[in-house]
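Encoded as structure tokens, the structure appears first; notes follow it.
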Amino acid sequence: MVESGNHDSMNKQVQEIAADCHQLPQRFIHKEDKEYNAGASSPAEIPVIDVSLLTSSPLELHKLKSAVTTWGCFQAINHGIESSFLEKVREIGKLFFQLPAEEKKKYLREEDDVEGYGNDMVLSDDQVLDWTDRLYLTVLPKDQRKIQFWPQKPTNFREVLDEYISNIELIYEVVLKALARSLNLEEDCFLNQFGTTATKSARFNYYPPCPWPEKVLGVKPHADSSAITVLLQDKEVEGLQLLKDDQWVGVPIVPDALTINVGDQIEIVSNGIFKSPVHRVLVNSKKDRMTLAVFCPVLSDQVIGPVDSLITDETPRLYKNVTYSLDFFFKIYQQGGRPIDACKI
Ligand SMILES: O=C(O)CCC(=O)C(=O)O
Ligand SMILES: [Fe+2]
């Protein structure tokens, strides 16, 4: 049964709707004629890359290039973060979403901003909503943090997230250098495009169980605005799918790995050699799921464009020079479009 009014689904968090949900609110139905979980795809063989070898092993560098050109994604192992610490990071996220609604609402985002706790930002009347609540925080540079949105409960939240982000920053640098070297480019050429002032953001995604997994999506199909996104998956519950050769394929959980995908900004600076993969998230009817995505960088205030030496007679420039701003990205994204299409020549 489908509820026709949509007032609740606009004002309540998904977690509140899920807790008292006998009817599926209309605004969450992505496409009535399509069953998302029907014929669930077999999990994909996403390549596993040993991050600790990227500076020393030409073979690992080659594997990275092949993974990113083929999948736009890889499972990063030996990334330098202890398994027990990853567990702590998952725990602060889960504990936050388990807090009473009133406590979480202290961190509620403003209506027209993404920063803070809340559900989808609604930009148009016909926008279909995702079955997820989020906690979205700018994490770097440190002076850009809006600390009023950083939860004080659990009490170690700020400290654990801060330490995690320091680790992710190192991984970001290693991966961006390796991606450049894999194309025989000077290793800093991608990093330099984004500069040190570009903001990086963390998004805790919480997906409550959903009784209508065939009609609803946790996150609708999209590609990330970032250069790379580092995703800490839920330990047990899968849901992420990538679009590969026009088929949706599941991204498996690899214990202790971080799932790294490239985003639109790497597609632009690599002149389309590395493709930012379209992905989506399915919901689960029985179990909740929590993930943490760190977008590195989410925005760049600098103009970015294809690296000069990648533009040749055989490989002409595919993208304009652009500033990948949040406004630019979100307007197109929330209407189901691909912002990168607007950057193509
Ligand atoms: O939760 C996931 O598995 C992926 C989330 C995602 O794609 C995102 O936050 O951009
Ligand atoms: Fe994403």
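Suppose accessible area is computed on protein heavy atoms with a 1.4 Å probe; arrange HIS22, HIS279 from highest to lowest.
HIS22, HIS279
By accessible area of protein heavy atoms, probe 1.4 Å, what ranking do ASP130, ASP327, ASP313 get, highest first?
Heavy-atom accessible area, descending, gives ASP313, ASP327, ASP130.
Would you kindly state how much longer the chain becomes between THR69 and LYS106 on full extension, computed as 0.36 nm times their sequence separation minus their alpha carbon distance, in nm to one decimal? Let's see the in-between values first.
On the way: separation 37, 0.36 × 37 = 13.32 nm, distance 4.26 nm.
Taking THR69 through LYS106 to full extension adds about 9.1 nm, to one decimal.
Kindly provide the helix-only [θ] at 222 nm of the chain, computed as the sum of -39,500 (n - 2.57) over DSSP H runs of four or more divided by all residues, to the nearest 500 deg cm²/dmol?
Working: 9 runs with 90 residues, N = 345.
Mean residue ellipticity at 222 nm (helix-derived): -7500 deg cm²/dmol.
Find the all-direction average of the projected area of the Cα convex hull for the stretch 85-205, expressing the result in square nanometres with one decimal place.
Numbers: hull surface 37.9 nm².
That works out to 9.5 nm², a quarter of the Cα hull's surface.
For the stretch 195-211, take each phi angle, set θ = phi - 60°, evaluate the Karplus expression 6.51 cos²θ - 1.76 cosθ + 1.60, and give the result in whole Hz per residue in order, putting x for glycine and proline.
In residue order, the calculated couplings are x, 8, 8, 4, 7, 10, 10, 10, 10, 7, 10, 10, 10, x, x, 9, x Hz.
Ignoring solvent entirely, what values of log10 I(q)/I(0) come out of the Debye formula for the chain at 0.08, 0.12, 0.13, 0.15 Å⁻¹ when each Cα is a single scatterer?
-0.36, -0.85, -1.01, -1.37
Please give the length that would be gained between ASN321 and ASP245 if that part of the chain were fully extended, namely 0.36 nm times their separation in residues minus their C-alpha to C-alpha distance (nm, one decimal). Could you put the intermediate results ahead of the total?
Details: separation 76, 0.36 × 76 = 27.36 nm, distance 2.80 nm.
Here the answer is 24.6 nm.
For the chain, the longest stretch holding no GluC sites (Glu not before Pro) located in a DSSP loop with at most 11 other Cβ atoms within 10 Å is which?
Numbers: sites that count: GLU32, GLU35, GLU45, GLU82, GLU110, GLU111, GLU236, GLU314.
Longest gap between qualifying sites, sites excluded: 112-235.
Under 5 Å between amide H atoms, partner at least 5 residues away or on a different chain: which partners does SER201 have, H built in plane at 1.01 Å?
Hits under the 5 Å cutoff: VAL139, PHE295, VAL298.
Please report the carbon-and-sulfur percent of the accessible area for the stretch 34-343; probe 1.4 Å, protein heavy atoms only, DNA, RNA and ligands left out. Each step should come with its number before you reach the end.
Details: 6520 of 13030 Å².
Accessible surface attributable to carbon and sulfur in the stretch 34-343 totals 50 percent.
Report ³J(HN,Hα) in whole Hz for each residue of the stretch 258-270, in order, from the Karplus equation J = 6.51 cos²θ - 1.76 cosθ + 1.60 where θ = phi - 60°; Gly and Pro get x.
Once θ is set to phi - 60°, the couplings for the stretch 258-270 become 9, 8, 10, 10, 7, x, 4, 5, 6, 4, 5, 5, 8 Hz.
Using +1 on the beta carbon of Lys and Arg, -1 on that of Asp and Glu, and nothing else charged, what's the dipole of the chain about the Cα centre, debye to 20?
Once rounded to the nearest 20, the dipole reads 180 debye.
Running a GNM on the chain with Cα contacts under 10 Å, which residue among LEU95, LEU86, LEU64 ends up with the highest mean-square fluctuation?
With Cα springs under 10 Å in the chain, the top fluctuation among LEU95, LEU86, LEU64 is at LEU95.
Can you tell which of PHE85, THR55, PRO43 lies farthest toward the positive end of the dipole of the chain, using +1 and -1 charges on the Cβ of basic and acidic side chains (Lys, Arg; Asp, Glu)?
Of PHE85, THR55, PRO43, it is PHE85.
Based on the Kirkwood radius over alpha-carbon pairs, what is the Stokes-Einstein translational diffusion coefficient of the stretch 256-313 at 4 °C with 1.567 mPa s viscosity, in µm²/s? Each step should come with its number before you reach the end.
Numbers: Rh = 14.2 Å.
For these conditions, the coefficient is 91 µm²/s.
Using a 7 Å offset from the Cα along the Cα-to-Cβ direction at both GLU173 and LYS88, what is the distance between the two label points in nm, to one decimal?
A separation of 2.1 nm, rounded to one decimal place.
Any idea of TRP212's accessible area? Nearest 10 Å², probe 1.4 Å.
Roughly 40 Å² of TRP212 is accessible to a 1.4 Å probe.
How big is the antiparallel share of DSSP beta bridges in the stretch 34-343, given as a percent to the nearest 5? Present the calculation step by step, with values, prior to reporting the outcome.
Numbers: 41 of 46 bridges.
Of all bridge pairs located within the stretch 34-343, approximately 90 percent are antiparallel.
Provide the solvent-accessible area of CYS73, counting protein heavy atoms only and rolling a 1.4 Å probe, rounded to the nearest 10 Å².
Per-residue accessible area (CYS73): approximately 0 Å².
Pulled fully out, how much extra length does the chain show between ILE332 and LYS344, if you take 0.36 nm times their separation in residues and subtract their Cα-Cα distance?
Working: separation 12, 0.36 × 12 = 4.32 nm, distance 1.44 nm.
Residue separation times 0.36 nm, minus the Cα-Cα distance, leaves 2.9 nm.
Between TYR324 and residues 5 or more places away or on another chain, which pairs have amide H atoms under 5 Å apart, with H built 1.01 Å from N, and which residues are they?
For TYR324, whose amide H was placed from the backbone, the distant partners under 5 Å are SER300, ILE304.
The values are calculated or read from the model by the stated rules, or taken from the named source; none is laboratory data. Here the structure is a predicted model, which means the values were calculated and not measured. Please note: Cβ atoms are built from the backbone with ideal geometry, for glycine as well, and neighbour counts cover all protein chains shown. These area figures cover heavy atoms from the full protein model, side chains too; ligands, DNA and RNA do not enter into them. Shrake-Rupley method; radii C 1.70, N 1.55, O 1.52, S 1.80 Å.
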